[in-house]
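What follows draws every value from the coordinates through simple rules; no lab data is involved. Quantities reported herein were computed from a predicted structural model and do not represent experimental measurements. Please note: Cβ atoms are built from the backbone with ideal geometry, for glycine as well, and neighbour counts cover all protein chains shown.
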């Protein structure tokens, strides 16, 4: 099964791709939705609409998901 991030890249939406790259690179640094919007240059409504259509979740939900994922990786590396 392909990862959902692969599906997003296949969608070719440059705004969503830019937002996801920014989220993955800076999520642990305390960024917020406004920062993601600013980094993409898109409007907040447009970005939210595209996230919901492509990913099925909001920008904030994705940001939280990535933060949890990164925290789990950090915790896993401490326990080894």
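Annotation for residue 44 and residue 32: the two label points, set 7 Å from Cα along the Cα-Cβ direction, are 0.9 nm apart. Inverting the pair-averaged 1/r between distinct Cα atoms of region 23-80 gives 12.2 Å as its Kirkwood hydrodynamic radius.
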